[in-house]
Structure formats: C-alpha cells, structure tokens
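The values are calculated or read from the model by the stated rules, or taken from the named source; none is laboratory data. No experiment lies behind these values; they were computed from the predicted model shown. Using ideal geometry, Cβ is built from the backbone for each residue, glycine included, and neighbour counts are taken over all protein chains shown.
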Amino acid sequence: MDFLRMKAKAEKTEAVILARLSGYEGVAVLFPFGGGNARYDLAIEYNSTFYRIQCKTGNLEQRGTTIGFSAASSTYHYYGGKVRERRDYRGQVEYFGVYCPQNDKAYLVPVDVVGRTKGMLRLVEAKNNQEKNVHWAEDYEIEKVMEHSLSRFEDEEAHIEIISK
C-alpha cells in the first residue's frame, strides 16, 4: 500500500475515533501540537484525568471471528542495510482507539490487555471454547466503555499489573 493511501486510512480511523468520543458529557478530546511527533494520536480528559490514545485500524481476521490490529509501530533504519524496528506503546499510551471498517465499529482497548505487537478482539466464541485471556470486542465498544466510564478499565489494568508481578 502506498504512503498516501496508508495516510488516508489512518486519518479516517482517527476521524471515526474522534467522532465516537465526541459529545460525551465531561469528555474533552485533545490533539498533540505539531502532528505526528507524539506516540499518541489524541488524548481525552475525563473526570480530571488525561488518557492518551493511539488510533489503529482493525481488520476482520480468522474468517470474521476476530478483529486484529497492530499494537506496535514499525520503523525502518538503514545501518549498512535495512533494519525493521518494532516499538510497543506500553507506558506511552493508555488506550488503543481501534476502528474496524468491515463492521463499522470502534473500540477503546487498554494497551496492557493486548500483546506487545498485536491486539486481538474476539467477535464469536472460539471453536475450542477457550475463554481465558479472551477479550470480547463488545466489551470494548466505545459507546459501552463511555457508558460504564473509564474507571471500569482502570480496575482491570490494576488487576493485570498485580497478576504480572
């Protein structure tokens, strides 16, 4: 995919996330000054707390049963040869704002509940009935997250931090 089409896709994703977050009482949407120099695309202020959001385009995968998205950035460096570097967003953003154009839904996913390089949200039950470490897409739909407030996910992040220690 050429650069201009990638940029247009990213801008559409950011616009959808912005539109879905806008209009909630007590939520202010903010953008970093200077464009693409920050590790996050936008931030929201909610209940006097700021949350940084990295927007990602999700795609239906595994025959439409999951939504996958990149949880890391890729950059290329040339040190005598082309070297690809992947950097995750942990400690630099609190949420991924994920827009999936195939189902026209947007999600607000805590950065710490997905892998370091790829995020996965499940739409239907797994054939093997696995439930451990499954992140249901419907639980992260922006409208649901905003209805139940972001504090619901703060508790989940604290729980994950305790388990990982």
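Those residues that are out of contact with any strand residue (DSSP E or B) (no Cβ under 9 Å at 6 or more places or on another chain) and within 16 Å of residue 7 (Cβ to Cβ), I need them from segment 37-55; list them, please.
Result: 37, single match.
Filter segment 110-139 for residues that are free of Cβ contacts under 8 Å to residues at least 40 places away in the same chain and either surrounded by 20 or more Cβ atoms within 10 Å (Cβ to Cβ) or not basic (Lys, Arg) (or both) and give the result.
Matches in segment 110-139: 125, 128, 129, 130, 131, 133, 134, 135, 136, 138, 139.
Could you tell me whether residue 144 is farther than 15 Å from residue 55 by Cα and surrounded by fewer than 12 Cβ atoms within 10 Å (Cβ to Cβ)?
no
Just give me the residues in segment 28-48 being without any contact (Cβ under 8 Å) to a residue 60 or more places away in the chain and farther than 16 Å from residue 15 by Cα, in sequence order.
33, 34, 37, 38, 39, 45, 48
Name, by its number, the condition in (1) modelled with pLDDT under 85; (2) on the phi < 0 side of the Ramachandran plot that does not hold for residue 97.
(1)
Say whether the condition of being among the polar types (S, T, N, Q) and at pLDDT 80 or above is met by at least one residue in segment 108-122.
Yes, segment 108-122 has at least one match.
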